[in-house]
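Let me begin by presenting the structure, written as structure tokens, before commenting on it.
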Amino acid sequence: MWNQLVTPNLDPYVYVNGALLNDWYGWCLATVECAFNSPRLYPNAWAGWLDAKTKHEDRNFPTGVYFPIWFSGYSDLGHVAFAYVNDNGSMGIWTSPYLHVPYFFTGYTSVDALANGYGVTYVGWSEDIA
């Protein structure tokens with residue numbers, strides 16, 4: 001059984017250098033960090049994955065909690081989103097959009113679909129971010 005220590009805000013305000021973002025394209029790490037109210041420590045998602053303290057390089061996802069999912073690629077910057085798996089195994093994913101809008105895209109229901117859509121490679125999930 002997993003415990004959610006920080007429940008993410010599914011509709012956060014995202015700030016970068018004190019400015020409110022009206023375009024989340026390319027700001028995946030900032031959006032996930034703001035959703036989880038975590039500090040901004042890394043310049044990109046790949047650096048965040050490399051420094052994650054509780055990495056899981058598998059698909060044994062926890063159920064009933066939100067968790068970051070990580071991808072390599074995207075010009076070596078990586079990509080991060082977060083997911084939730086219900087007891088019945090269905091997955092919801094919140095990712096920064098591949099469009100110039102200020103809200104999460106929620107149309108993906110698997111890490112493979114997101115990876116194909118964004119042209120990235122799934123590397124794992126973590127229990128922490130920043």
- Task: May I ask you to give the solvent-accessible area per residue for the chain, in square angstrom, as obtained with a 1.4 angstrom probe?
- Result: 54 Å²
- Query: Which far-off residues, 5 or more places away or on another chain, put their amide H under 5 Å from the one on GLY124, with H placed in the peptide plane?
  - Reply: TRP70
- Query: Any idea how far apart ASN60 and LEU5 come out in nm if each label point goes 7 Å out from Cα toward Cβ?
  - Reply: 2.0 nm
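At a 1.4 Å probe, what is the % contribution of carbon and sulfur to the accessible area of the chain?
On the way: 3550 of 6960 Å².
Result for the chain: 51 percent of the exposed heavy-atom area is carbon or sulfur.
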- Task: Would you check the accessible area of ILE129, probe 1.4 Å, heavy atoms only, in square angstrom rounded to 10?
- Result: 20 Å²
- Task: Output the relative contact order of the chain, whole-number percent, from Cα pairs under 8 angstrom with separation of 6+ residues.
- Result: 30 percent
- Taking H placed 1.01 Å from N in the peptide plane, check which residues at least 5 places from TYR108 or on another chain put their amide H under 5 Å from its amide H. ILE93
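At a Förster radius of 35 Å, what calculated FRET efficiency corresponds to the Cβ-Cβ distance of ASP112 and ASN17, to the nearest 0.05? Don't skip to the end; give the middle numbers.
Working: r = 34 Å, r/R0 = 0.98.
Once rounded, the FRET efficiency stands at 0.55.
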- Message: For region 80-121, what are Rg and Dmax over the alpha carbons, in angstrom?
- Response: 10.5, 33
- How large is ³J(HN,Hα), in whole Hz, for each residue of region 64-79 in order, when computed from phi with the Karplus curve 6.51 cos²θ - 1.76 cosθ + 1.60 and θ = phi - 60°, using x for Gly and Pro? x, 9, 8, 8, x, 10, 10, 9, 9, x, 6, 6, 6, 8, x, 8
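The values are calculated or read from the model by the stated rules, or taken from the named source; none is laboratory data. Everything quoted here is computed from the prediction, not taken from an experiment. Positions of Cβ are backbone-derived with ideal geometry, glycine not excepted, and every protein chain shown enters the neighbour counts. Accessible surface areas use protein heavy atoms only, side chains included; no ligands, DNA or RNA. Shrake-Rupley method; radii C 1.70, N 1.55, O 1.52, S 1.80 Å.
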